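Let me begin by presenting the structure, written as structure tokens, before commenting on it.
The values are calculated or read from the model by the stated rules, or taken from the named source; none is laboratory data. Just so it is clear, the model here is predicted, and its values are computed rather than measured. Counting neighbours? That spans all protein chains shown, and the Cβs are built from the backbone with ideal geometry, glycine included.
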Amino acid sequence: MKKNFKCMVALLAVTLSLCWQTPSFANQQPVDLVYPFADTANSRWFFFDSASLPFGMVNLNPDTETGGAWGSGYRYNSSEVKGFSHVHAWQLAGLSVMPVSTKLPITQLKSDYYSAFNHNDEIVKPGFHQLQLSRYNIDVKLTATTRVGFHSYQFANSENQQVLFNLGGQLGPSHLGHAEAHKVSQTSINGYITNLPTYRRSRPTKVFFHVEFSRPIEDMDSWRGEHHFEKVDFINGIDAGLLVNISPSKQPLLMKVGISYVSEENAKSNIDIELPHWEFDKVKEDAFAIWNQQLSKISVSGGTRQQQRRFYTDLWHALQGRRIISDANGQYMDQTSSTPRVKQIPLLDSGEPLFNHYNSDSFWGAQWTISTLWPLAYPKIASEMTNSLLNYYKDGGMIARGPSGGNYTYVMTGASSTPFIVSNYMKGIQDFDVELAYEGLKKNHSTAGMMAKAGYEHYTNTGGGMRFYENDGYVPFPLPTGESMYGNHKRGPGMTLEYAFQDHALAQLAGALGYNDDYDMYAKRSKNYRHVFDASSGYMRPRNPDGSWQTPFDPFQYENGFVESNPAQGTWNVAHDIDGLASLMGGKTTLIERLDNAFNEAEKQGFTAGNAHADEAKDEYRRIPINYGNQPSMQTAFIFSAAGAPWKTQYWSRKVVNKVYSDLSPQRGYSGDEDQGLMGSLAVLMKIGLFQLTGGVEKDPIYYIGSPLFDTITITLDDHYYTGKTFTIRTRNNSADNVYVSAITLNGKPLTRTYLLHSEIVNGGTLVLDMSDRPNKQLH
């Protein structure tokens, strides 16, 4: 009896503790629902964010691993903090700092300063990170503005209060080169670190910093390689570092770190503009308020607590990764030529920049993700990104498809930014130079532009196979010797399908602008996917330069002519012409049956090729016909709707969401490659039941209706772009079993089609979906 009573008391204590620590579900804000640790066991350098604002230049968080672009940054299963760095971006890293409290000489400390920490001591929310460095007994709190990291260090030791700046070595994707640091006052230092070139980012990129302390600097020690210097005011060189000894106090040490890609002066100016005070809690609360404002653009009710938490985690991911690189004054560093040049974004009458300039990983797959989500809920971001892409055209002669540090990286393949820009235009986001955009996009679709360059092909333009595409209507695989020497991802049939879709997108813009001859040309090229369809096998299949088919041919061989996928997956990448694809396959009935079989087979593996991106090349995972862990398969569930079987879209999209995008654990989350918000955006769209198969590149584009998870979904519309105030989706009788849409009304009127027009959404209104456990095959 005593034993049972003790167990009951212990259980009650745990229950009360959980109730005390966890706010009531109904009263929680979106920032309280986000689960930042999702998938962090499989993290990569730019995956995890904590002390950062949406798209912030500063992305401040602890690094538990620092070697390489993959397997680095904040990795949940790693047990040591190796520094707190301020830039976690596509191919870029920046200023790593570490508070320490030690008497170790700098000769030893420079290579022995890591500290263990415990997840039980962590508090992590969008805009904030707190943890305990157990080696030094320092309580660390981090928050940020857009361009300034704000640190609070509570030292238990009343002596030896120090901050170590590691200015060299390996930091994520970058080896760090020449660095400088100067003491500029009794409470501040400044300088820069240098990201040396990588295979992907071909030019060195400096990150300038200005640091202000809330207490005076007592003295500074430093190192350069094997050389060590005491009581210095300056250090420079390669493999350098600095130990700043701070006047001790029982009060927390506060530290502001402003960064800039232009100059130390601009880094200081960013502090002066964004963080002129020392109120840490105010900055933290401001960060929460900004995240709440952005995350609340889509509000949901109903569903389980876990579903809501995972939804806002996905939306949080959709609003990070792609980073601002322009300063608060609108200056940025243009690195599209061999000599870096400081440029100025036009200013509004208020003195604020007209838009921000960005780094960005590839737009490869963006047509099914951010190209739909951003214009719908965040059109201002879509507009800014479009203007930023045009900046690259004005600076370097090409619209970027994945810039880093103000320069092109040529990441992935094709002209993947074309659908993004066209989609924005078709949705009424037209506050950019449309004629300039069209000029740049046309160039990108030629042998002089992005399509001609394979992945990371910096100095040549043959790897994209454009001369074959223009002359023969397809890109061979492999390319002939001499044309396959440069770049990566040279996968002929996959390139052909990408180019055809992107040509379709450009054709729509040409038609809208009245360029009828161009429309005819690009519309014709959009049918080039037919040239790589092999009727004998029923798959898209590699062709040799002489036109013959690859023999032998295995449709499940990974990267056999398709980037990060296999031919079985790649065959479905004809989103712009499902009728044409169905015709090649023998009709819509055959297409639906084949796709249904593919989903049934993929379900056996959980719809993914393993639990991480690195798994998909492994023999035991890669022979899957549909992989929702990477971009090439993201559209497949909604092909059913375009082919006339929307009930299968409802069935399979709900299955995929439940299996792939529902976990809340460090071990799982996206089961693949969450490229800077693409997978997060996809999960959001599938969970609200709105999806654009072509990314919305046609006039008044359509959204297919899927199987929403929640009882109520409300999208707040931006009145600068749209006339409506809100668009609400309500579901009735929604449940785990009731995944089918049995009846639809829009603004009180019955609807017999399972798609909406963009204009119907942005004019505002209410969509009501009656849900059932049985499909209504009369709805199309």
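The set of residues in region 633-655 that are in a loop (DSSP other than H, G, I, E, B) and either outside the structural domain of residue 539 (by TED's automatic domain parsing) or touching a strand residue (DSSP E or B) at 6+ places or on another chain (Cβ under 9 Å) (or both) contains only 635. Go through the residues of region 245-256 one by one and say whether even a single one is under 33 Å from the mean Cα position of the chain (by Cα) and closer than 19 Å to residue 208 by Cα. The answer is yes, given that some residue of region 245-256 is under 33 Å from the mean Cα position of the chain (by Cα) and closer than 19 Å to residue 208 by Cα. Filtered by the rule that a residue be small (Gly, Ala, Ser), over 12 Å from residue 499 (Cα atoms) and within 26 Å of the chain's Cα centre (by Cα), region 464-488 gives a lone residue, 487.
Here residue 304 clears all of (1) β-branched (Val, Ile, Thr); (2) surrounded by fewer than 24 Cβ atoms within 10 Å (Cβ to Cβ); (3) touching a residue at least 24 places away in the same chain (Cβ under 8 Å) except the condition numbered (3).
Annotation: residue 459 fulfils all but one of (1) modelled with pLDDT under 95; (2) hydroxyl-bearing (Ser, Thr, Tyr); (3) in contact with a His (Cβ under 7 Å, 6 or more places away or on another chain); the unmet one is (3). Out of curiosity, is residue 493 touching a strand residue (DSSP E or B) at 6+ places or on another chain (Cβ under 8 Å) and over 30 Å from residue 379 (Cα atoms)? It is true that residue 493 is touching a strand residue (DSSP E or B) at 6+ places or on another chain (Cβ under 8 Å) and over 30 Å from residue 379 (Cα atoms). Among the strands (runs of 3 or more DSSP E) confined to region 716-769, the ones with at least 1 residues that are in contact (Cβ under 8 Å) with a residue 24 or more places away in the chain, closer than 25 Å to residue 645 by Cα and not basic (Lys, Arg) are located at 726-732, 740-746, 755-757. If you filter region 587-632 down to residues that are charged (D, E, K, R) and assigned to a helix (DSSP H, G or I), you find that the one that is farthest from residue 40 (Cα to Cα) is 588. Within region 266-285, the set of residues being in contact (Cβ under 8 Å) with a residue 40 or more places away in the chain, out of contact with any Leu (no Cβ under 8 Å at 6 or more places or on another chain) and not small (Gly, Ala, Ser) comprises 266, 268, 270, 271, 273, 274, 275, 284.
Beta carbons closer than 8 Å, at least 6 apart along the sequence or on distinct chains, pair a first residue in region 580-604 that is touching a residue at least 60 places away in the same chain (Cβ under 8 Å) with a second that is part of a helix (DSSP H, G or I) and surrounded by fewer than 20 Cβ atoms within 10 Å (Cβ to Cβ) for 582/588; 582/590. Of the residues making up region 280-295, those that are under 22 Å from the mean Cα position of the chain (by Cα) and of a type in the set (Phe, Trp, Tyr) number 2.
Within region 527-547, which residues are of a type outside the set (D, E, K, R) and either outside any loop (DSSP other than H, G, I, E, B) or more than 15 Å from residue 475 (Cβ to Cβ) (or both)?
From region 527-547, those of a type outside the set (D, E, K, R) are 528-529, 531-533, 535-540, 542, 544-545, 547; that's our starting set.
Once the filter is applied, which keeps residues that are of a type outside the set (D, E, K, R) and either outside any loop (DSSP other than H, G, I, E, B) or more than 15 Å from residue 475 (Cβ to Cβ) (or both), region 527-547 yields 528, 529, 531, 532, 533, 535, 536, 537, 538, 539, 540.
Put simply, of 69, 89 the only residue that is under 18 Å from residue 198 (Cβ atoms) and crowded, with 22+ Cβ neighbours inside 10 Å is 89. Quick check: anything in region 486-509 farther than 25 Å from residue 618 by Cα, surrounded by fewer than 21 Cβ atoms within 10 Å (Cβ to Cβ) and free of Cβ contacts under 8 Å to residues at least 12 places away in the same chain? No, the conditions are met nowhere in region 486-509. Within the set 131, 109, the sole residue that is closer than 25 Å to residue 280 by Cα and touching a residue at least 40 places away in the same chain (Cβ under 8 Å) turns out to be 131.
Of all the listed residues (246, 259, 238), the sole one being assigned by TED's automatic domain parsing to the domain that holds residue 85, touching a Lys or Arg at 6+ places or on another chain (Cβ under 6 Å) and of a type in the set (A, V, I, L, M) is 246.
One line per residue, one yes/no per condition, for (1) at pLDDT below 95; (2) under 20 Å from residue 573 (Cβ atoms); (3) touching a Ser or Thr at 6+ places or on another chain (Cβ under 9 Å):
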{"residue": "431", "(1), (2), (3)": "no, no, yes"}
{"residue": "434", "(1), (2), (3)": "no, no, no"}
{"residue": "455", "(1), (2), (3)": "no, yes, yes"}
{"residue": "464", "(1), (2), (3)": "no, yes, yes"}
{"residue": "467", "(1), (2), (3)": "no, no, yes"}
{"residue": "474", "(1), (2), (3)": "no, yes, yes"}
{"residue": "481", "(1), (2), (3)": "yes, no, no"}
{"residue": "491", "(1), (2), (3)": "no, yes, yes"}
{"residue": "502", "(1), (2), (3)": "no, yes, yes"}
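Taking the condition under 21 Å from residue 170 (Cα atoms), of a type in the set (Gly, Ala, Ser) and surrounded by 13 or more Cβ atoms within 10 Å (Cβ to Cβ), does residue 237 pass? When the stated conditions are applied, residue 237 passes them. Comparison of 316, 364 shows that the only residue that is buried (at least 22 other Cβ atoms within 10 Å of the Cβ) and either over 24 Å from residue 290 (Cα atoms) or not hydrophobic (A, V, I, L, M, F, W, C) (or both) is 364.
Among the residues of region 181-200, is there at least one that is closer than 17 Å to residue 84 by Cβ and either of a type in the set (D, E, K, R) or in contact with a Leu (Cβ under 6 Å, 6 or more places away or on another chain) (or both)? Scanning region 181-200, I find at least one residue that is closer than 17 Å to residue 84 by Cβ and either of a type in the set (D, E, K, R) or in contact with a Leu (Cβ under 6 Å, 6 or more places away or on another chain) (or both), so the answer is yes. Evaluation of residue 517 against the conditions (1) among the acidic types (Asp, Glu); (2) buried (at least 17 other Cβ atoms within 10 Å of the Cβ); (3) under 23 Å from residue 577 (Cα atoms) shows that the sole unmet condition is (2).
Please work out if residue 496 is assigned to a loop (DSSP other than H, G, I, E, B) and polar (S, T, N, Q). Step through it out loud before you land on a result.
Numbers: assigned to a loop (DSSP other than H, G, I, E, B): no; polar (S, T, N, Q): yes.
Judged against the criteria, residue 496 is not a match.
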